[in-house]
Amino acid sequence: MKGFLPRTLHPGFQLLWLVLLMVLGACLAFTVIYAVALAVLHIPALQIEGMIGRPKDYEQGWSLAMLSQGLLLFGAFGGAALVLPRLMGQTWGEYFAPRRLGAGWWLLAAAAVVVVILPLMSGLIAWNAAAGFPSFLHDFEMWARAKEAQAQELTRYLTRFTTTGRLLVGLLVIAVVPAIAEELVFRGVIQKNLVRWFNSRHVGVWLAAAIFSAIHLQFLGFVPRMVLGLVLGYLYEWSGNILVPMAAHFTQNALQLLLVYGAQHGYFGWGFDPDSTEALPWPWVLLSAVLTAGLLLFLRQRMTAAAVPSQMLTIGSDGVAVHRPAEPLA
């Protein structure tokens with residue numbers, strides 16, 4: 001299938017096209033948000049902008065905030081990532097999943113990784129939250145802490161699940177949509193093109209993870225989010241299929257929401273606090289680190305070993321997915 005853009009388009013230009021498509025997608029998403037707010041939620045036009053910026057001050061603020069988050073993420077991120085390969089004349093399978101899913105248990109194993117890594121992440125979260133900045137970055141630190149407090153306040157508001165219906169909406173908007181849209185963008189497009197640009201899987205994975213963490217604008221949680229990005233990035237590199245990091249990303253977000261819901265409704269008898277930044281006991285953190293490393297090593301071996309010539313698909317010089325023998329990781 002012939003596309004508007006050449007299949008051999010340089011990775012740098014693919015990233016530029018992604019940014020352009022994200023801007024267009026955001027504009028379209030805002031148009032839909034305003035249309036739904038007016039026609040379905042019956043919100044006066046002059047109140048929409050204020051409700052999006054300060055949803056907790058309005059009765060329908062939660063509904064509009066969830067609608068805005070979902071549509072913006074799906075339109076600006078997921079939509080842009082899905083349009084790009086079509087402009088290049090490629091199918092989504094060719095672009096985002098050059099290897100077929102080796103086995104269904106890969107998805108369960110990817111989900112297990114983010115469960116096993118939770119105690120280790122608690123240690124990283126506690127360390128990062130307490131980390132100070134050099135004196136010459138004092139102004140940046142004050143800005144970062146203010147942004148962190150603002151983000152936490154909005155998160156607490158959006159995750160106030162007073163009903164099961166709200167929880168289901170939260171799972172859709174905060175777990176399903178980000179798992180799809182963010183993985184398509186950060187692993188499927190950004191990481192893929194950085195790997196090609198620098199001709200190094202490790203450079204591509206680490207740069208994409210840093211961008212993934214920085215774009216959230218929560219720098220007091222930069223390190224744990226980057227570690228999560230690294231896990232997702234290597235799962236994509238080893239498996240060659242975007243469904244694997246999607247499964248891990250969904251599990252990460254959904255588990256957090258379920259823990260919050262359980263705490264709000266008193267399902268935990270030990271006084272679990274989902275907003276705490278305190279680390280779990282160090283033996284748990286250490287055990288988590290060992291188990292996570294072991295599980296990742298196991299997945300690396302199994303996933304790369306499954307990349308036999310009949311399953312391996314890579315992008316050739318003409319931009320077309322072709323069968324090739326598995327290559328060792330750089």
Review point. What longest region of the chain stays clear of GluC sites (Glu not before Pro) that DSSP places outside H, G, I, E and B and that have at most 15 other Cβ atoms within 10 Å?
Key: 60-277
Point to revise | Label-point gap, in nm, between residue 115 and residue 300 - each point 7 angstrom along Cα→Cβ | key: 2.4
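Test of understanding: express the Cα radius of gyration of the stretch 6-89 as a ratio to 2.2 N^0.38 Å, with N the residue count.
1.34
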Practice item. Report the net charge of residues surrounding residue 123, where surrounding means a beta-carbon distance below 15 angstrom and charges are Lys +1, Arg +1, Asp -1, Glu -1. Key: 0
Study note, to complete from the structure: Length gained if residue 101 through residue 49 is fully extended, taking 0.36 nm per residue and subtracting the Cα-Cα distance, is 14.4 nm
Exercise for review: Any chance you could list P(r) for the stretch 66-200, counting all Cα-Cα pairs in 5 angstrom bins from zero, rounded to whole %?
Suggested key: 2, 8, 10, 14, 16, 19, 15, 10, 5, 2, 0
Exercise for review: Return the label of the correct value of P(r) over Cα pairs in 20 Å bins from 0, in percent, as calculated from the structure shown, out of [x] 28, 57, 15; [y] 23, 45, 29, 3; [z] 33, 57, 10, 0.
Suggested key: [x]
Check your understanding: For the residue pair residue 36 and residue 168, what label-to-label distance in nm results when each label sits 7 Å from Cα along the Cα-to-beta-carbon direction?
Key -> 1.6
**Study point:** Sites matching chymotrypsin sites (Phe, Trp or Tyr not before Pro) across the stretch 188-278 that sit in DSSP coil, with at most 13 neighbouring C-beta atoms within 10 Å
**Key:** 267, 268, 270, 272
**Study point:** Net charge, residue 157 excluded, C-beta distance under 12 Å - Lys, Arg +1, Asp, Glu -1
**Key:** +3
**Study point:** Length released on extending from residue 203 to residue 259, taking residue separation times 0.36 nm less the Cα-Cα span
**Key:** 16.7 nm
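Readers should treat all values here as calculations from the given coordinates under stated rules, not as data from a laboratory. Note that the structure is a prediction, hence the values are computed from the model and not measured. In this analysis, Cβ positions are derived from the backbone assuming ideal geometry, glycine residues included, and neighbour counts consider all displayed protein chains.
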